[in-house]
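Engineer: Below is the structure I would like to discuss, written out as C-alpha cells.
Here, each number is a calculation from the coordinates, and none is a lab measurement. All of these numbers come straight from a predicted model, not from anything done at the bench. Here Cβ is always computed from backbone atoms with ideal geometry, including for glycine, and neighbour counts include all displayed protein chains.
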Amino acid sequence: MKAAQAQMGFWSGYRSSLKSLEVEEPIDVWVHRPIAHLIARACFPLPISPDAITALSILAGIASGVALVVDFPFHLPASGLLLFCSAVLDCADGQLARMRGTSSVFGRMLDGTADMVTAAVVVPASAFLIWRSFATPWWVGLAAVTLATITIVTSSFHTTMYDHYKNVFLRLTGPGEDLEDYETAHARFSALRRGQIGIVSRLCYPIYLFYLKSQRDYVLTFDPYTSARLTLFPPYDPDRAAIYRAAAGPVMRAWKSVFGFGSLVFGLALFNGLGHPEYYLGVRLVALNLAFYGYLRPAQRKASREAFERMDLVLPDQKRAPG
C-alpha cells in the first residue's frame with residue numbers, strides 16, 4: 001500500500017485520498033484538500049502520525065481565536081490565515097491516514113473533537129469582534145450579539161445535519177464505510193474507562209460524545225424518517241445503494257455546497273481576515289437559513305421517507321410512515 005502510494009502521481013494520489021465526491025464539499029475538493037494532500041505526501045515517509053497533524057489543527061484553530069481578540073499589528077489577517085491553516089490540517093490528517101491505510105476509531109474521534117474545539121474558540125471570538133465593532137450605542141451592540149448568537153446556533157444545525165446525511169449517504173451507497181453512532185461511541189468509552197485510558201482520550205471523548213448526542217437528538221427533530229443508528233444499518237447492497245442515491249442524491253448536492261464545516265470555516269477565515277465577520281454571519285443568518293428550513297428540511301424529509309420505504313428498512317429510532 002505504501003509503495004503504491006509513493007509511486008502515484010499527484011492527482012491520482014490526491015483522488016485516492018478523498019472520500020466520495022458525491023459528499024465532499026467543493027471548497028474542500030478545490031481549496032483545502034489539494035494543499036492538504038501536499039502536506040500528507042510530505043509527511044507520508046516521515047514518522048509523523050495523522051493524530052499529530054490533528055493536534056496541529058487544534059492549535060492553529062485556538063491561535064486563530066486568540067488572534068481575533070488580542071490586538072497586535074495585522075492580527076485579523078493573521079487570525080484568518082491561522083484558521084485557514086487549521087482547516088487544511090484538518091483535511092490533511094484524514095488524507096494521510098487513508099494514504100497509509102491506518103484510519104482508526106481513535107483518529108476519527110480526535111478529528112471530530114478538533115472541529116468542536118476550533119469552533120468553540122473561533123466562533124465566540126468572531127461574535128466578540130462583531131460586538132466590538134457595534135458596541136456603541138449599547139442597544140446596537142446587544143442586537144448584533146443577539147443576531148450573531150442566532151447565527152451561531154443555526155449554523156451548528158447546518159454543519160451537524162450535513163455531517164449526518166453525509167454519513168448516511170456513505171454508509172448506504174458505498175462498501176467499507178466504517179462509521180459509528182452515539183450509542184457505539186458511548187459503549188466504547190465506557191469500556192475504555194474500565195481499563196487503562198490515556199489523558200487525550202479522557203479529555204476528548206466527552207467532547208466527541210457531546211457532539212454525537214446533540215447530533216442524534218436534533219436529527220430526529222429535523223427528519224424523523226432518517227436514522228442516527230449508523231451501526232445498525234445493513235451491509236452494503238447495490239440495489240439499496242441505487243435507491244438511496246436516486247432519492248437523496250439531489251439533496252446531497254445542496255447539502256455539500258455550502259452547509260458543511262469546511263465552508264463555514266473558510267467563510268470565517270476570509271471575513272475575519274478582512275475584519276468584517278458580520279457580513280458573513282448576515283449571509284448565513286438570512287440566505288442559508290432560508291435554504292435550510294425552506295428547501296433542505298422538507299426535501300430531505302421527503303427523500304428519507306421515500307428511500308427508506310423503498311428499501312423496506314426500518315431502524316429503532318425512525319418514525320414509521322402511516323400506511
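Engineer: For the pair Leu232/Ala55, report the inter-label distance in nm, with labels modelled 7 Å from Cα in the Cβ direction.
Structural biologist: Computed distance between label sites Leu232 and Ala55 equals 3.8 nm.
Engineer: Taking Rh as the Kirkwood radius computed over C-alpha pairs, what is the Stokes-Einstein D of the chain at 4 °C in a medium of viscosity 1.567 mPa s, expressed in µm² per second?
Structural biologist: 62 µm²/s
Engineer: Something else: With only alpha-carbon atoms counted, please give the Rg and Dmax of region 284-323, in Å.
Structural biologist: 13.2, 38
Engineer: What is the fewest-to-most order of Ile197, Ile53, Ile27 by other Cβ atoms lying within 10 Å of their Cβ? It would help to have the intermediate numbers written out before the result.
Structural biologist: Values: Ile197 13, Ile53 25, Ile27 20.
So the residues, fewest neighbours to most, are Ile197, Ile27, Ile53.
Engineer: Which whole-percent values make up P(r) of region 20-144 when all C-alpha to C-alpha distances are grouped in 5 Å steps starting at zero?
Structural biologist: 2, 11, 18, 19, 17, 12, 9, 6, 4, 2, 1, 0
Engineer: Report Rg (one decimal) and Dmax (nearest whole number) for region 202-323, counting Cα atoms only, units Å.
Structural biologist: Considering region 202-323 through its Cα atoms, Rg and Dmax are 17.3, 55 Å.
Engineer: Cβ neighbours within 10 Å, averaged per peptide: list 212-221, 115-124 in order, most packed at the top.
Structural biologist: Final packing ranking: 115-124, 212-221.
Engineer: Sorted by mean Cβ packing within 10 Å, highest first, what order do the peptides 232-240, 292-300, 181-189 take?
Structural biologist: Answer by packing, highest mean first, reads 181-189, 292-300, 232-240.
Engineer: Still on this structure, I have one more. What is the distance in Å between the Cα centroid of region 280-323 and that of region 145-192?
Structural biologist: 15 Å
Engineer: What number do you get for region 238-302 when its Cα radius of gyration is normalised by 2.2 N^0.38 Å, N = residues?
Structural biologist: Here the answer is 1.41, to two decimals.
Engineer: So what are region 107-238's ellipsoid semi-axes, whole angstrom, largest first, if each one is the square root of 5 times an eigenvalue of the alpha-carbon gyration tensor?
Structural biologist: The answer is 34, 20, 11 Å, longest axis first.
Engineer: Lys/Arg Cβ at +1, Asp/Glu Cβ at -1, dipole of region 206-323 taken about the Cα centre: which of Leu274, Ala299, Pro250 is farthest positive-ward?
Structural biologist: Checking the options against the dipole of region 206-323, the answer is Ala299.
Engineer: What is the magnitude of the charge dipole of region 2-310 about its Cα centre, with +1 placed on the Cβ of each Lys and Arg, -1 on the Cβ of each Asp and Glu, and no other charges, expressed in debye to the nearest 20?
Structural biologist: Around 380 debye, computed over region 2-310.
Engineer: Here is a further query. Going by how many other beta carbons lie within 10 Å of each one, how would you line up Ser304, Ser49, fewest first?
Structural biologist: Ascending Cβ contact count within 10 Å gives the list Ser49, Ser304.
Engineer: In addition: Which one, Gly13, Gly198, Gly275, has the greatest fluctuation when you compute a Gaussian network model over the chain with C-alpha springs under 10 angstrom?
Structural biologist: Comparing Gly13, Gly198, Gly275 in a Gaussian network model of the chain, the most mobile one is Gly198.
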